[in-house]
Amino acid sequence: MPAVPRETSVVEYEVRVAARPETVFAYFTDPLKMVQWTGAEATLDPRPGGVCRIAFQAPQSRVGSVVMIGEFVEVDPYRRIVLTWGWERKLLATPPQSTLVEATFTPDGEDTILQVAQRRLPAATASTSTEVAKAAPCRRRPAPAVKGA
């Protein structure tokens, strides 16, 4: 794993999803659902030590696709996923597996409160990462439907 920069930040966000945790969780663990939700291609092996690789088509970009590469650290079905995250190419100064992402899935009636925290982000890229998270395709697509996005 790459060295973690001395100054790091955390980016956190929370959304209400119009689906049960079992449904939302599957979009983080099933490659076909991941691509339906966000990304152009996905290789997911949702077990500790398993690969998490997602290719995103960069809209209006000359760079083509960008690829996230990480590793699942913890998988607690329908409750929590922890994985490393970074970019295969130098992008936002975030090398492969250099940050840690934690997603928690909390039932709330028929909905899910999805909380995502990305830790160990280089401090200089945290504001850009926050903007990317807010604009992510997964917050706009209805599979599963995000309320208040």
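The values are calculated or read from the model by the stated rules, or taken from the named source; none is laboratory data. The shown structure was predicted, so the numbers you read here are calculated from the model rather than taken from an experiment. Counting neighbours? That spans all protein chains shown, and the Cβs are built from the backbone with ideal geometry, glycine included.
For the condition under 17 Å from residue 121 (Cβ atoms), β-branched (Val, Ile, Thr) and either at pLDDT 85 or above or more than 13 Å from the chain's Cα centre (by Cα) (or both), what is the one hit in 8, 23, 29? If you could, list the steps in order and put the result at the bottom.
Working: 23 fails: under 17 Å from residue 121 (Cβ atoms); 29 fails: under 17 Å from residue 121 (Cβ atoms).
Result of the check over 8, 23, 29: 8.
Hey, can you tell me all the residues within segment 51-81 that are outside any strand (DSSP E or B), at negative phi and modelled with pLDDT under 90? Working first, answer last.
Initial filter on segment 51-81 (outside any strand (DSSP E or B)): 58-64, 77-79.
With the extra rule that they be at negative phi, the set shrinks to 58-59, 61-63, 77, 79.
Within segment 51-81, 58, 59, 61, 62, 63 qualify.
Cβ contacts < 7 Å: first residue charged (D, E, K, R), restricted to segment 81-109; second residue at pLDDT below 80 and buried (at least 17 other Cβ atoms within 10 Å of the Cβ), any location; separation 6+ or different chain. Result?
88/96
What's the total number of residues in segment 103-122 that are of a type outside the set (Val, Ile, Thr) and crowded, with 17+ Cβ neighbours inside 10 Å?
Adding up the residues that qualify gives 8.
Looking only at segment 93-120, which residues are touching a strand residue (DSSP E or B) at 6+ places or on another chain (Cβ under 8 Å) and in a loop (DSSP other than H, G, I, E, B)?
Residues satisfying the conditions are 93, 94, 95, 96, 97, 98.
Among (1) assigned to a strand (DSSP E or B); (2) modelled with pLDDT under 75; (3) among the hydroxyl-bearing types (Ser, Thr, Tyr), which single condition is residue 125 missing?
Unmet condition: (1).
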